[in-house]
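Chemist: One structure, as C-alpha cells, below. Some questions next.
Every number here is computed from the coordinates shown, using simple stated rules; none is lab data. Since this is a predicted model, take the numbers as computed values, not measurements. Using ideal geometry, Cβ is built from the backbone for each residue, glycine included, and neighbour counts are taken over all protein chains shown.
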Amino acid sequence: MSNAATSPMSWIANTPSRWTVAPLGTHFDERIETVSDSDFPPLSVTRGGVVPQMEHVAKTDNNAHRKLVRIGDFAINSRSDRKGSAGLSELEGSVSVIYTVLTPRASLNGRFAHHLLRSTAFQEEFYRWGSGIVADLWSTRYSAMKRIPLALPPCDEQRVIADYLDHETAQIDALVAKQVEFIGLLRERRVSVVRTETSQFEGPYRIDKIGRSTKVGNGSTPKRDVEAYWTSGDVPWLTSSAVNLPVVNSADQFITEQAVRECHLPVVNHGDLLIGLIGQGPTRGKTTICRIRATLSQNLAYIAPDKNKWLSEYLLWALRATYSEIRQKGAESGAAQGMLNTDDIRRVRIAMPSIPEQKRIVAQLEKKTSSIDALIAKAVEHVALAKERRVALITAAVTGQFDVRTARKGA
C-alpha cells in the first residue's frame, strides 16, 4: 500500500516564484557504503539530530554491516514511528542500514538542508511518499524520497536563511533550556516540601509497615482470546499507566463482571491507592489515588487503607515522599526491568500520626504545592509555546513565507 501524493507540488505551492523547483535527488547523492562500528563509531539519529549512540538504543549483532556517515552528510529515519528523526551530521561514524544517508551536492547548502528536511512541512510530505501495511511501520525508501520536489532559493540566499535560523533557533533553545532548568528546580522544591511536611508532626506518631494497617494486592490480565471477558465490558480495568495520572477518574479498557469473577480479580474502590510495580521509567514506585470502582492488571498494586488509621490523601502524599526508596526496592529485585511485588509494598514504613494531624498535613501540602504547581504549569506552557514558534519559524523560512533578509534588517 502506498500513500504517494496525488499533487506532489502542493507542499511547495506558495514558495517564491524565483525559487527553483527540482526533485530532491538532483541535490543529493545517496551514501550506501557499509562499514563496521569498530572502525566508525555508532551514531543515533534522533529528533534532536545525529548524536553518539545512546545507551538505551537496541543494539544489533550485525556490527559489520552499518551505513557510513561522514561529517556534512544528512541522515534520516525512514520509518513513520520515528518521524522527525533526522539531521545534518557533525560527526563521522555509522548508523543502522534502515537509515537513509545523503550527501548534499554543491547546489544545496548543508545547513539549509538541515532545516528544510527537518521542517514539519517536509516531514509530512516525506511520509506521504511512504508505503507499508500498517501506519506505525510506514516507511519511505530513497527510491521514492528522491522524487519529492524541493523548492530552493539561490545558494547565497540558502546560506542567509540557514544563518538566520541557526541564530533564531539557538535563542529559542536557550530560552527553553532555562525554562526546563527552572521546572527541574521547582520539582525538586516540591519534593522537598512534601518530604518535610510528611516528617514533621504536631503530636504523637509511630512508624510502621503499611501492610499492618492496609490491604495490599494486585490483579491480572484476563485472557484476550476469551470474548466473554472483554466484549461489552463495563468494569474499568487499569494498567500501570494509570499511575501517571494525578487522580484516576476513568479508564480506557474495560472487562466484564464474568472476567472479574472467573479470574478472581480484586475490586479497587474509591479512595484506594494505586502503585506501579514494573518498569525502568518513572512508573515503578509511582503512586496515585483511585476515584472509581475498578480492577487492575498484574503490573499495578492497590493499597486499601484502614479508614480508622489512615486518611487516603495523607497516605498518598507519604508514599510519594518515599518514591525514591520504593523504586530502589524494585531495582534490587534482579529483574531486567526492575520490579516491585506486593510484599515490597507491605514492608514500606510510613509515619502514622493521628487522623486530625493527617488532615492538617494534607491541607498544608495542598496549599504549598498548589503554588509550586501553578509555576510549573506556566513554565511548561512557555516551553510548549517556544517549541511551537520554533517549528513554525523554520517551516516559514525554508518555504519562503517571509524574506529573512528583510527580517534581519528590521531586527
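Chemist: Taking the Cα atoms of segment 113-227, what is the range of coordinates along each of the three principal axes, in descending order and whole Å?
Modeler: Projected onto its principal axes, the Cα set of segment 113-227 covers 78, 51, 15 Å.
Chemist: I want to check the label-to-label distance for residue 38 and residue 280. Put each point 7 Å from Cα in the C-beta direction and report it in nm to one decimal.
Modeler: 2.6
Chemist: Another question, if that's okay. Round to the nearest 10 and give me the degree value, 0 to 90, for the angle of helix 355-398's Cα axis relative to the longest principal axis of the chain.
Modeler: 10
Chemist: If you take the Cα atoms of segment 205-353, find Rg, then find the Kirkwood Rh from the mean of 1/r over all pairs, what is Rg/Rh?
Modeler: Ratio of gyration radius to Kirkwood radius: 0.98.
Chemist: Here is a follow-up. Report, to one decimal in Å, the Kirkwood hydrodynamic radius for segment 149-194 based on all distinct Cα pairs.
Modeler: Numbers: mean 1/r = 0.0743 Å⁻¹.
After inverting the mean inverse Cα-Cα distance, the result is 13.5 Å.
Chemist: Short version: ³J(HN,Hα) in whole Hz for each residue of segment 290-305, in order, from phi by Karplus 6.51 cos²θ - 1.76 cosθ + 1.60 (θ = phi - 60°), x for Gly and Pro, what are they?
Modeler: Result, rounded to whole Hz: 9, 10, 9, 7, 7, 10, 8, 8, 6, 8, 9, 10, 10, 10, 9, x.
Chemist: Got a sec? Which residues in segment 151-178 would a label at residue 14 touch, if it sits 7 Å along Cα→Cβ and we count backbone N under 16 Å?
Modeler: Taking a point 7 Å out along Cα→Cβ of residue 14, the residues of segment 151-178 whose backbone N falls under 16 Å are 151.
Chemist: Cut-off under 24 Å on the C-alpha distance; same-chain residues fewer than 8 positions from residue 209 excluded. Which lysines are left, in chain and number order?
Modeler: Straight-line reach from residue 209, under 24 Å: 286, 307, 309, 329, 359.
Chemist: Could you give the spread of the C-alpha atoms of segment 10-152 along their three principal axes, from largest to smallest, in whole angstroms?
Modeler: Computed over the Cα atoms, the extents are 48, 36, 24 Å.
Chemist: How big is the Kirkwood radius of segment 295-381, worked out from every pair of different alpha carbons and given in Å to one decimal?
Modeler: Across segment 295-381, the inverse of the average 1/r is 15.2 Å.
Chemist: Once the Cα gyration tensor of segment 143-295 is diagonalised, what are the square roots of 5 times its eigenvalues, in whole Å and ordered largest first, as equivalent ellipsoid semi-axes? Intermediate values should be presented prior to the final figure.
Modeler: Numbers: eigenvalues 445, 194, 24 Å².
Here the semi-axes work out to 47, 31, 11 Å.
Chemist: If you stretched the chain out fully between residue 228 and residue 167, how much longer would it get, using 0.36 nm times the residue separation minus the C-alpha to C-alpha distance?
Modeler: Fully extending the segment from residue 228 to residue 167 adds 16.0 nm.
Chemist: Next up: Taking only the Cα atoms of the chain, how large is their convex hull per residue, in Å³?
Modeler: Once divided by residue count, the hull of the chain is 185 Å³.
Chemist: Straight-line reach from residue 378: which lysines have a Cα under 22 Å away, not including same-chain ones fewer than 8 places off?
Modeler: 178, 367, 368, 387
Chemist: Could you give the nm distance between label points at residue 21 and residue 354, where each point is 7 Å from its Cα heading toward the beta carbon?
Modeler: That separation, rounded to one decimal, is 8.0 nm.
Chemist: Which of the GluC sites (Glu not before Pro) across segment 168-276 are loop residues per DSSP, with 14 or fewer other Cβ within 10 Å?
Modeler: 202
Chemist: Where does the charge balance sit around residue 327 when Lys and Arg score +1, Asp and Glu -1, over other residues with C-beta under 9 Å from its C-beta?
Modeler: +2
Chemist: In debye, nearest 20: dipole of segment 10-152 around its Cα centre with unit charges on the Cβ of K, R (+) and D, E (-)? Before the final figure, lay out each step's value.
Modeler: Working: 17 positive and 14 negative charges, 101 e Å.
Its charge dipole is roughly 480 debye.
Chemist: Where does segment 184-272 land on Rg(C-alpha)/(2.2 N^0.38 Å)?
Modeler: It is 1.54.
Chemist: Would you mind calculating the gained length between residue 324 and residue 201 on full extension (0.36 nm times residue separation, minus the Cα-Cα distance), in nm to one decimal? List each step's numbers first, then the result.
Modeler: Working: separation 123, 0.36 × 123 = 44.28 nm, distance 2.18 nm.
Value of the extension gain: 42.1 nm.
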